[in-house]
1. Surrounded by 17 or more Cβ atoms within 10 Å (Cβ to Cβ), under 30 Å from R208 (Cβ atoms) and β-branched (V, I, T): which single residue out of T28, T11 fits that description?
2. Can you tell me which condition Q290 does not meet? The list is (1) more than 25 Å from G109 (Cβ to Cβ); (2) without any contact (Cβ under 8 Å) to a residue 60 or more places away in the chain; (3) surrounded by fewer than 17 Cβ atoms within 10 Å (Cβ to Cβ), and all the others hold.
3. For the range 84-114, give me the residue count where each residue is in a helix (DSSP H, G or I), of a type in the set (V, I, T) and surrounded by 20 or more Cβ atoms within 10 Å (Cβ to Cβ).
4. Does the range 274-282 contain any residue that is part of a loop (DSSP other than H, G, I, E, B) and within 21 Å of R156 (Cβ to Cβ)?
5. Cβ-Cβ distance below 9 Å, separation of 6 or more or different chains: which pairs start in the range 58-76 with a residue that is touching a residue at least 24 places away in the same chain (Cβ under 8 Å) and surrounded by 24 or more Cβ atoms within 10 Å (Cβ to Cβ) and end on one that is in a loop (DSSP other than H, G, I, E, B) and of a type in the set (D, E)?
6. Could you please let me know if T89 is of a type outside the set (A, V, I, L, M, F, W, C) and in contact with a helix residue (DSSP H, G or I) (Cβ under 9 Å, 6 or more places away or on another chain)?
Amino acid sequence: MFDAPVTLMPTQRSTVLTDGPASLYRFTRLDDVAPAKAPPVLLVPSMINRWYVLDLRTGASVAEALVKAGLDTWCLDWGAPEDHDRYFTWGEAVQRLDRMMRRVRRETGQAKITVLGYCMGATLTSVHAALHPDLYAGFINLLGPIDFSEAGMLGRMTDPRWFDANVVAAAGNVSPEQMQSGFKLLRPTQDLAKAVTQLDKAFDPVFRTASQALEAWAGDNVAFPAAAYTTYINELYQKNWLIQGKHHALGQRVDLKAITCPLLTIAADKDSICPPKAAVALNGAVGSSQTQVLPVPGGHVGAVVGSKAADKLYPALITWMKERTCSSVS
């Protein structure tokens, strides 16, 4: 019952650009798959989790599924911030995303890109898309909060009456342990439930492989740059300025109505980190005439890498990209 170590990040890739601790990856196309007539797609994960939740293991990988479908697939890896990155701002994160997108455009010769943002990566992408709508062939919000009045327990935990983000970040970057302690409070019995499940399925090799990969990723977290953290909590969670049109980035007001590209929002029915209403609110806030909501089963991570993702989520992503964004190929 001793399994071989599972291979994480199985999809072959090359590094095209480094930007501080961040990297831009391009996944290698498969020779036997015809290229899809669709714009390149850039994956934008959260800043506080390792990027490879989007390429976790064979059969549980957004990147792998897109590459197999012939899509030219890229990924922004935010990297691990150092102590001096405590001054890295939310606006600078938007600028970093912008540089990565422009490099993809330069390398591919395409004027527009489809961007899939996951979790906070989708929130950040919505800001960039509002400031630079001309760069987007399509936007996929994969479990990213937009209306923080619907943030659920995380919203209550960060209520300004008892939570001061400036104090939390005063000593520097917010550590993974600090971030994870908050997420664990959402499901205080999760560790016990996990232990019971692992005991119950101890002789299931498929479950053991999936569990091993997920545990490796879940334990491989990075810090949140202090300056970006305070903006994220103060202006989005506590003041909810993004959906209200009051949020500013790089000296510009972020007007979500400026987003006019096709939009797909994916909401998971058991997501406690981004409850469905927090994500779906984006569809009513944008100026696009082509919006769609895709409900999927599972929680914030399970919906992306769980046993049902390959049957429901991945095919839906591929179909939507090919049907909604092909007219944007230059």
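Every number here is computed from the coordinates shown, using simple stated rules; none is lab data. A quick note: this is a predicted structure, and the numbers were derived from the prediction, not measured. Positions of Cβ are generated from backbone atoms using ideal geometry, with glycine treated the same way; all protein chains shown enter the neighbour counts.
1. Exactly one of T28, T11 is surrounded by 17 or more Cβ atoms within 10 Å (Cβ to Cβ), under 30 Å from R208 (Cβ atoms) and β-branched (V, I, T), namely T11.
2. (1)
3. Selection size over the range 84-114: 2.
4. There is at least one residue in the range 274-282 that is part of a loop (DSSP other than H, G, I, E, B) and within 21 Å of R156 (Cβ to Cβ).
5. Filtered contacts from the range 58-76: L66/D72.
6. Spelling it out, T89 is indeed of a type outside the set (A, V, I, L, M, F, W, C) and in contact with a helix residue (DSSP H, G or I) (Cβ under 9 Å, 6 or more places away or on another chain).
Table: residues versus (1) among the small types (G, A, S); (2) in contact with a Lys or Arg (Cβ under 9 Å, 6 or more places away or on another chain).
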{"position": "I233", "(1), (2)": "no, no"}
{"position": "Y237", "(1), (2)": "no, no"}
{"position": "W241", "(1), (2)": "no, no"}
{"position": "V254", "(1), (2)": "no, yes"}
{"position": "K257", "(1), (2)": "no, no"}
{"position": "C261", "(1), (2)": "no, yes"}
{"position": "L264", "(1), (2)": "no, yes"}
{"position": "A268", "(1), (2)": "yes, no"}
{"position": "D271", "(1), (2)": "no, no"}
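Residue-by-condition table, conditions (1) over 26 Å from A38 (Cβ atoms); (2) assigned to a strand (DSSP E or B); (3) of a type in the set (A, V, I, L, M, F, W, C):
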| site | (1), (2), (3) |
| --- | --- |
| C261 | no, no, yes |
| L264 | no, yes, yes |
| D271 | yes, no, no |
| Q292 | no, yes, no |
| K322 | no, no, no |
